[in-house]
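Here's the structure, in structure tokens; my notes come after.
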Amino acid sequence: MTRNLYAILIAATLSLPTLANHYSGGNITWTCLGEHQYDVTLQLFVDCSGASVVPQDLHFASSCGTSFDVSQIPVPEGVEVSQLCPQQIGNSTCNGGTLPGMRLYEFHTQIALDPCDSWTIGWNICCRATSLNLTGNQGEYIEAVLNSATAVCDASPVFAEAALPYVCVDQPVNYNFGVSDPDGDSLAYSFIDARRFTNVVEPVIYRPGFSGAEPVPGITLDAATGQVNFTPALIGYYIVAVQVNAYNDANALTGSVMRDIIFVVIDCTNNNPDANSGTITNLTGPVTQTDDYSVTVCGGSSFCFDAVISDPDDLQTLALESNVATVLPGAVFSVSGENPATATVCWSADGVAPGTYIFTINATDDACPQPASQILSYAITISSAPNAGENTAASICSTDPPPNLFDLLGGGPDADGTFTEVSPGVYHYVVTAIGDCPADSSVLTVTTVQASDAGIENAITVCENGDAVLMIDSLLGTPQPGGGWTSPDAQAHSGFFDPATDPLGVYCYTVPGTVPCANAVACLSITALLPANDPACLGTSIAPISVNEDVHLFPDPSRGSLSISVPANAQRVEVIDAQGRLVAVFPMHNVHGRVEIALPSSLPNGGYSLRVIDEGSMRTTFFQLLR
């Protein structure tokens, strides 16, 4: 068969019998303009041998109860997408010739859509071209679904492939719609039933042996990449409908688009480019090749690879094109050679979110009038690099509970790492390698700041005729010097309590803390002024006096322990030093008779008062401590 006769037969094959069925496929997409405004695009592939294109209508309906039509969208200027060699484009039906010609029209309308899950945007026409897999000239319906509540101001997936696919009978076909998502949503592909509109939307009727899931015998669709593979056995038209769902990072469906299109199978005297060529070779950089057309790369890394594509017709020249720069911003695509032709792809994944990114390479030979092509897809999976955070120095207070070391790290580290103390207060944090991404580590240096010590709170009584009391001596524990005192009215105080001038109440001692330690505070409660004739105020040089003679103790002087006789109703025994400070307390509940007590080892030698407190009285005596 000569090339001229072949061209005539093709032109005859593609002549369409009605005014409507010259529409050969289409899809609906959208972009967000902000403030709930959207630019909606209806793309239609139109056979140039049919009637003139007319204004189009779109129907909008939401699950929130709103529906309306946008009618008579003006006809835009079409772009010729005829699958012809450059030398023969002028002979297409789009230009008054006889060779099969096709134009792509993009109808636009701008519309406000309230947030709703979901908005369905639909278009339909009465008739289709006769095909091998559908009965009759059924109508055509296409739609897109926008979840504008889940995905606020989200853009739809878009189709890069802008030509009606002509493929060769009995030759392997690699095809890809070249879909990408401007928002980086994940995409999932599936064959669906083509649809028609008969006052309701319904599936078309397939001929026996065909279905939406298998519109061409043996056809396959990769759900992750959108790659279509088949070897057609019959010449003619096949209606193929594919749906693309988009999911955000939370795996919520943001929307879906579909393309309903004709695959035209012809009898070629030309061979397709080799369907098994184009595998990844000469891979460089910290990446791993997972199959012939896929690699994984650690986030932030750079890589390059070659894809060598050949054509079995040795004298033909291949042209390679790709949407890689759209899918992988900043990617460099270069081509060398003619047949085989080598595509080189280089890219840096710095700052790109983890996920799988799919791009295509379209290899087209220079056969004329009908070039043959293969569309190959490539998957780039970006792994999230381990993050151990930043080297961090932190301070903690000695009185704080043991810290959570992870909470002290800076830089947003991954939580599944391991700490190792390499020296006192110095910790290495390591997050193990993930796939091709090497392990990451950081250093945490923790400095412990000693807390200030203001002592332990106490309560004392003082003698009204006594000298001024240095209050720090009446605090328990080991208060540091250098702090400041406040009086009961929260005014600064000297730290000496003068019974002649100072009021009773709570006096607080504060020692400033060093960040991150807080100030240390201990308070001394001065609860009473004892009268001058109180035994505790008479001094140890005066003979023992007691309001009740039935309290006895020995030995006196004591070496550290005392034997005391107490009455049956005694509540406690108190030991008071010569300055009137309460230095020891011994509970005596349910105790009577003779009791042995051991004095605190911290008490210095000297004279002390011993008081026995019962329900209604206080008995006092004195003793000397001489260790």
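The values are calculated or read from the model by the stated rules, or taken from the named source; none is laboratory data. Quick caveat, the model's predicted, so the values are computed rather than measured. Ideal geometry is used to build each Cβ from the backbone, glycine not excepted, and the neighbour counts take in all protein chains shown. All accessible areas refer to the heavy atoms of the entire protein, side chains included, with ligands and DNA or RNA removed. Shrake-Rupley method; radii C 1.70, N 1.55, O 1.52, S 1.80 Å.
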Report task. With θ set to phi - 60°, apply the Karplus curve 6.51 cos²θ - 1.76 cosθ + 1.60 along the range 51-64 and write out the HN-Hα couplings as whole Hz, x wherever there is a Gly or Pro. Result -> 6, 4, 6, 10, x, 10, 10, 10, 10, 10, 9, 10, 6, 8
Requested in this report: Send over a whole-number figure in Å² for the accessible area per residue of the range 308-452, probe 1.4 Å.
Outcome: 47 Å²
Requested in this report: Would you mind computing, in nm to one decimal, how far apart the modelled labels at Ala325 and Asn199 are, each placed 7 Å from Cα along Cα→Cβ?
Outcome: 5.2 nm
Query raised in the report: Whose amide H sits under 5 Å from the amide H of Ser383, counting only residues 5 or more places off or on another chain, with H placed in the peptide plane?
Result: Val297, Cys298, Gly299
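Could you give the length gained on full extension between Asn271 and Thr231, defined as 0.36 nm per residue of separation minus the Cα-Cα distance, in nm?
This chain segment gains 13.1 nm when fully extended.
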Report summary line: Magnitude of the Cβ-charge dipole (Lys and Arg +1, Asp and Glu -1) of the chain about the Cα centre, nearest 20 debye, reported as 720 debye
Report task. Go through 406-415, 240-249, 33-42 and give me the packing order, highest mean Cβ count within 10 Å leading. Result -> 240-249, 33-42, 406-415
Query raised in the report: For Ile613 and Thr130 in the same chain, what is the full-extension length gain: residue separation times 0.36 nm, less their Cα-Cα distance, in nm?
Result: 162.5 nm
Requested in this report: With label points built 7 Å along Cα→Cβ from the Cα atoms of Thr486 and Asn404, find their separation and express it in nm.
Outcome: 3.3 nm
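Arranged from highest to lowest average of other beta-carbon atoms within 10 Å per residue, in what order do the peptides 143-155, 445-457, 338-350 appear?
143-155, 338-350, 445-457
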Query - Accessible area of the range 175-215 divided out per residue, in Å², using a probe of 1.4 angstrom - result: 47 Å²
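Could you sort the peptides 525-533, 590-598 by per-residue average Cβ neighbour count (10 Å cutoff), highest mean leading?
Peptide ranking by packing, descending: 525-533, 590-598.
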Requested in this report: Summarise the accessible area of the chain (1.4 Å probe, protein heavy atoms) by the percent that is carbon and sulfur.
Outcome: 53 percent
Query raised in the report: Once fully extended, how much extra length lies between Val443 and Cys116, figured as 0.36 nm per residue of separation less the alpha-carbon to alpha-carbon distance?
Result: 112.9 nm
Query raised in the report: With labels modelled as points extended 7 Å from the Cα through the Cβ direction, what inter-label distance (nm, one decimal) is found for Asp249 paired with Ile89?
Result: 4.2 nm
Query - Sites Ser395 and Glu106, calculated FRET efficiency, Cβ-Cβ separation with R0 60 Å, nearest 0.05 - result: 0.45
Query raised in the report: If amide H atoms are built 1.01 Å from N in the plane of the peptide, which residues on other chains or at least 5 residues away come under 5 Å of the amide H of Asn339?
Result: Leu318
Query raised in the report: If you take the charge dipole of the chain about its Cα centre, with +1 on Lys and Arg Cβ and -1 on Asp and Glu Cβ, which of Asn199, Asn91, Ala367 is farthest toward its positive end?
Result: Asn199
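Estimate the FRET efficiency between Thr420 and Ala518 by the formula 1/(1 + (r/R0)^6), using the beta-carbon distance for r and 30 Å for R0, to the nearest 0.05.
Efficiency computed from Cβ-Cβ geometry: 0.45.
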Query raised in the report: Taking only C-alpha pairs under 8 Å that are 6+ residues apart, what is the relative contact order of the chain in percent?
Result: 8 percent
Query - Residues of the range 296-326 with amide N under 12 Å of the 7 Å Cα→Cβ point at Ser334 - result: 305
